[in-house]
């Protein structure tokens, strides 16, 4: 079966995004373990990379499905997805990820990808609506046509809100849950360790931090690698259903079953997606490690165990629910939680407010960039 050139480009770009996500986002997995000097930066990235890749086997053979990938693939109505939309969304996501990485801002790769996908799909729908309005009302001016096109746009179900609304809610809920669990775990651990020798306890927590960072890396792989699978899945399903059509099995089956069949028929996609994020993790992301591990609050080994365990628990819960969340938001909330356990002033709120702005702006900026990219793509097509 010969695949279209644009579909091949999309698959390559998606894996490049996955790799970038590795050094941009997975650095969150190692920030605290590096700042507490449990592992050297080189050892830490290898440790995190192994567990990010190991998440593939957990998802495939223990969980038995890829819920988050399925959610991503279905954030947009299939009627408004084509290869140009997916291509534009990926370009926007890669651009924003590289920009925030360059400035050391721990923004969400997850929301970057989702924002790009939504923005390109909405622009695609708007362009189609404009053409329909222009054909039906050739005497109207450009602004009047645009006005009618926008009115028509908001009467269509371009975005699947039952999928997107939980994602938006968890922009704020994921860090809050991470913070709350982190505070609780810290209180429990401090209570159990209060009579321990400080030096021996510190050494013991450094060993436990290996376990907690591995669990967080595992959660990161389960969460983030699947998002790229969802984008590739949407492109491949579009190819089967729309470009081939007819008696193609994907065209004949119920839309709810397509992604599950995709992960079976194209098993190499999940494997390579998890591998790419693991390789990306090995490339580092040191600017973000510095922000997460030292600038928000000073972290001890005990607090590192609490923060990473809280982040891992949050990610496992959201993976079970099939809700893609930001690992950046999650671990940030957890680190703030251990800081609040000491005192409110222990958290560097100036840095935290800057991160919040990056979080809030990620989806709309990615959506705008994707929309503009889509216009450029169809202009030169």
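The values are calculated or read from the model by the stated rules, or taken from the named source; none is laboratory data. No experiment lies behind these values; they were computed from the predicted model shown. As a convention, Cβ positions derive from the backbone with ideal geometry for all residues, glycine included, and neighbour counts pool all protein chains shown.
Assorted remarks:
- Filter result (surrounded by fewer than 24 Cβ atoms within 10 Å (Cβ to Cβ), under 11 Å from the mean Cα position of the chain (by Cα) and closer than 17 Å to residue 218 by Cβ) within segment 314-338: none
- Residue that is farthest from the chain's Cα centre (by Cα), among those in segment 244-262 that are surrounded by 14 or more Cβ atoms within 10 Å (Cβ to Cβ) and in contact (Cβ under 8 Å) with a residue 12 or more places away in the chain: 250
- Complete set of residues in segment 31-59 that are assigned to a loop (DSSP other than H, G, I, E, B) and surrounded by fewer than 19 Cβ atoms within 10 Å (Cβ to Cβ): 37, 40
- Taking segment 61-175 as the region of interest, the helices (runs of 4 or more DSSP H) fully inside it that hold 2 or more residues being closer than 15 Å to residue 368 by Cβ are 83-102, 109-136.
- Verdict on residue 189 being at pLDDT 90 or above and touching a helix residue (DSSP H, G or I) at 6+ places or on another chain (Cβ under 7 Å): no
- The single condition among (1) within 26 Å of residue 70 (Cβ to Cβ); (2) modelled with pLDDT under 90; (3) surrounded by 23 or more Cβ atoms within 10 Å (Cβ to Cβ) that residue 123 does not satisfy is (2).
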